[in-house]
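Just below is one structure, and these are the notes that go with it.
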Amino acid sequence: MYSPFVDGEVDPRDEELVASAQRGDRQALEDLVVRHQPWIYNIAVRMLLWTDAAEDATQDILIKMITGLAAFRRQSKFRTWLYRIAVNHILNLKKKWVVAEAPYTYDYFARDLDETPDPDLPDPRTVSMPVELLVEEAKIGCMTAMLLCLDGRQRLAFTLGEIFGVTDKVGAEVMGTTPANFRQILSRARQDLYSFMNGKCGLIDEKNSCHCPRKTRGFLERGYLNPAKLQFAVGYRQKVREVVPNRMAELRTARERLCAELYQEHPFRDVPAQAEMVRRVLASVPLEPPG
């Protein structure tokens, strides 16, 4: 799969599509939308947690891209221009989804996990899907919720640098900061998240108190899992590690590598009703004729 985050100067295909779209080529515009839609959505779902919110954000960002494309003058790379639109839009959703500041702390999250009972797994006769799928949903949902304990910029740096494997140069470019500052933000995010996982998560250390199979039924009873509408364990064809560069050697310790690998094992999610979203986006913004 194409990745917009490969460290390089200019993506020739993006430049070609942008130039054609600015001349009024509607197919080039659609190709540009389809090319970047999955990456914008996969950033949004890790920043906002809920797929409905991520879908809305992705559609709004693509509309901003289309409406602003005529004014894009290539003073920066298209990637820089587009993904700054994306991250600024997502971070500015604070009033609606509280994403620019952490809605709760790791202490709060730890208490919530402790208060969730550890009964047996759900009876397979009482649920409409394999129990194993529910356990996977519990695991990915819990790990994604852990990201919400980071503030918005830490969450963004972690998503880009640790999950999607971007270099500090590309991360700084997208976030509008310096490579040194990007590394600093990412380091703080790693420290906070991995400290929590090292002390709490059974995926990291089986001696820890929280284990996904033991929490699955409790998550169901507390409404954190909805078998009728799975958020994370369905609707994808690839895992993140299959579409991002392998930068595991850069991590300092085996424990950090394990934490990062767990996140890169998560789905690279397909956009729900992708073609329908593309049609809505293109239909909502009349393409201005060149001139």
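The values are calculated or read from the model by the stated rules, or taken from the named source; none is laboratory data. For clarity, every value in this text was computed on a predicted model and none was experimentally measured. Every residue, glycine as well, gets a Cβ built from its backbone with ideal geometry; the counts of neighbours run over all protein chains shown.
Can you pull out every residue in region 231-259 that is within 20 Å of ASP7 (Cα to Cα), part of a helix (DSSP H, G or I) and at pLDDT 85 or above? Write out each step before concluding.
Kept after step one, since they are within 20 Å of ASP7 (Cα to Cα), are these residues of region 231-259: 240-251.
Filter once more, so that each one left must be part of a helix (DSSP H, G or I): 240-242, 248-250.
Scanning region 231-259 gives VAL240, ARG241, GLU242.
Looking at (1) surrounded by 14 or more Cβ atoms within 10 Å (Cβ to Cβ); (2) among the aliphatic types (A, V, I, L, M); (3) not assigned by TED's automatic domain parsing to the domain that holds LEU262, which one does LEU113 not meet, given that it meets all the others?
(3)
Would you confirm, using the coordinates I've provided, whether ALA228 is in a loop (DSSP other than H, G, I, E, B), touching a strand residue (DSSP E or B) at 6+ places or on another chain (Cβ under 8 Å) and of a type in the set (A, V, I, L, M)?
Taking the combined requirement at face value, the residue does not satisfy it.
Looking at ILE66, ILE61, which one is part of a helix (DSSP H, G or I) and farther than 23 Å from LEU156 by Cα?
After applying the criteria, what remains is ILE66.
Quick check on region 153-203: of everything there that is outside any helix (DSSP H, G or I) and hydrophobic (A, V, I, L, M, F, W, C), which residue is surrounded by the most Cβ atoms within 10 Å (Cβ to Cβ)? Let's see the steps before the verdict.
If we filter region 153-203 for residues that are outside any helix (DSSP H, G or I), which is where we start, we get 164-167, 176-178, 201-203.
If we keep only those that are hydrophobic (A, V, I, L, M, F, W, C) too, we end up with 164, 166, 201, 203.
Details: PHE164: 25, VAL166: 27, CYS201: 23, LEU203: 17.
Of everything passing the filter in region 153-203, VAL166 is surrounded by the most Cβ atoms within 10 Å (Cβ to Cβ).
Taking the condition in a helix (DSSP H, G or I) and more than 23 Å from ARG279 (Cβ to Cβ), does GLU55 pass?
On the way: in a helix (DSSP H, G or I): yes; more than 23 Å from ARG279 (Cβ to Cβ): no.
So GLU55 fails the test.
Among the candidates VAL18, VAL45, VAL34, single out the residue that is touching a Phe, Trp or Tyr at 6+ places or on another chain (Cβ under 8 Å) and not assigned by TED's automatic domain parsing to the domain that holds MET143. Before you say what the answer is, go through the steps one by one.
Values: VAL45 fails: touching a Phe, Trp or Tyr at 6+ places or on another chain (Cβ under 8 Å); VAL34 fails: touching a Phe, Trp or Tyr at 6+ places or on another chain (Cβ under 8 Å).
Of VAL18, VAL45, VAL34, the one residue that is touching a Phe, Trp or Tyr at 6+ places or on another chain (Cβ under 8 Å) and not assigned by TED's automatic domain parsing to the domain that holds MET143 is VAL18.
Report, by residue number, each residue of region 45-80 that is crowded, with 18+ Cβ neighbours inside 10 Å, hydrophobic (A, V, I, L, M, F, W, C) and in contact with an Asp or Glu (Cβ under 8 Å, 6 or more places away or on another chain).
PHE78
Please go through region 101-148 and give me each residue that is free of Cβ contacts under 8 Å to residues at least 60 places away in the same chain, in a loop (DSSP other than H, G, I, E, B) and over 23 Å from the mean Cα position of the chain (by Cα), ordered by number. Before the answer, list the steps.
So the first thing to find is which residues in region 101-148 are free of Cβ contacts under 8 Å to residues at least 60 places away in the same chain, and the list is 101-105, 107-108, 111-112, 115, 123-126, 130, 132, 146.
Checking which are in a loop (DSSP other than H, G, I, E, B) leaves us with 101-105, 123, 130.
Of everything in region 101-148, those that are free of Cβ contacts under 8 Å to residues at least 60 places away in the same chain, in a loop (DSSP other than H, G, I, E, B) and over 23 Å from the mean Cα position of the chain (by Cα) turn out to be ASP123, PRO130.
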